[in-house]
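Here's the structure we're looking at; comments come further down.
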Amino acid sequence: MSLTTTSPRLSQEQVAQYNEAGYLIVREPVLPDNRFQSLKAYFDQKLAAWPADERPEAMDTPHFDDPKLLEWALAPEVVDLVEPILGPDIILFSTHFICKPTGDGRRVPWHEDSAYWKTRLSPMEVCTVWLALDPSTTENGCMHVIPKTHSSGKKGFSDYDPVDMTKNVFAKEITPTQRRDELAVPIELKPNQCSLHDARLMHGSPPNHSDQRRCGWTLRFCPANVELNPAARNVHVVYQARGNNLNGQPLADPTQAYPEIVAARRAQNVKSH
């Protein structure tokens, strides 16, 4: 896998839209078709082997014990999408498959990603690539965003209330009085399209009661001046995606699995979202 800077894939207008609204939809294919199809086939194999007693929405940080996934996560075509936003020095913070099965795919409550990471990253600057493996539509529970919430209100650190975990992917949701649901925008995507969003943006998605699966892969990137809290290094590792390691922080080897990290996360019930 290459860490070499190539041609940025976003125009200045797209970067400005991302910065203003907190999100951007990219309609051009993220990966060459043959590589996208191989990723989707590989995910289908992982899903088929997923424990029957664990929800498929919960495939958090799968690359920690399956480094082959980094062949796609660190692909130049992916990193080229975030370089115009984050700059030339980039780390990969996390990945997560959120797969809503047909019929009973659970709702993702309104949240800010930053609320889950506020003790783990400093400064809080993360851009997520939400890569659609399946069609993502209003019928099967596509993501909705509330524009401009990344730079207004509590800027990524709203107050939260508990929600029913038998119906929701996460256990808490932004307090209703601190959000504007009526302003929500659906992010409908075809397979191999993506959206980008700021970690502080309010977003969520309804349940999937349709007969079509909805799976997306979230790829979380930070500028390399962002540092992983040393206290979290026993349960998390980061990877150089491009450029220089500006802080000289410990970096993971993208060719190696980290079973000790996986075991520690399970023992401590750590979720990265």
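General observations
- Kirkwood-type hydrodynamic radius, region 129-273: 17.7 Å, calculated from all non-identical alpha-carbon pairs.
- Highest GNM mean-square fluctuation among G141, G22, G153, for the chain modelled with Cα contacts below 10 Å: G153.
- For the chain, the number of Lys pairs separated by eight or more positions or lying on different chains, with C-alpha atoms closer than 22 Å, is 23.
- Principal axis box of the chain, alpha-carbon based, largest edge first, Å: 42, 41, 40
- For V226, nonlocal amide neighbours, meaning residues 5 or more places apart or on other chains whose placed amide H falls under 5 Å from its own, do not occur.
- Residues R9, R220 in ascending order of nearby Cβ atoms (within 10 Å, fewest first): R9, R220.
- Around the Cα centre of the chain, unit charges on the Cβ atoms of Lys, Arg, Asp and Glu (plus for the first two, minus for the last two) sum to a dipole of about 340 debye.
- For peptides 228-236, 97-105, 76-84, sequence by mean Cβ density within 10 Å, most packed first: 76-84, 97-105, 228-236
- Using C-alpha pairs below 8 Å separated by at least 6 residues, the relative contact order for the chain is 31 percent.
- Just checking the listed ones, M124, M59, M165: in the Gaussian network model of the chain with Cα springs under 10 Å, the one fluctuating most is M165.
- Report summary: the helix-based calculation at 222 nm, which adds -39500 (n - 2.57) for every DSSP H run with n ≥ 4 and divides by the residues of the chain, gives -6000 deg cm²/dmol.
- Sorted from greatest to least, the principal axis extents spanned by the alpha carbons of region 98-150 come out as 38, 21, 19 Å.
- The local environment of Y160, defined by Cβ-Cβ distances under 10 Å, has a net charge of -3 under the rule Lys, Arg +1 and Asp, Glu -1.
- Highest-first arrangement of 180-192, 110-122, where packing means the average Cβ count within 10 Å: 110-122, 180-192
- Comparing region 1-148 with the 2.2 N^0.38 Å rule of thumb, its C-alpha radius of gyration ratio is 1.09 (two decimals).
Every number here is computed from the coordinates shown, using simple stated rules; none is lab data. Predicted, not measured: the structure shown is a model, and the values here were computed from it. We place every Cβ from the backbone using ideal geometry, glycine too, and count neighbours over all the protein chains shown.
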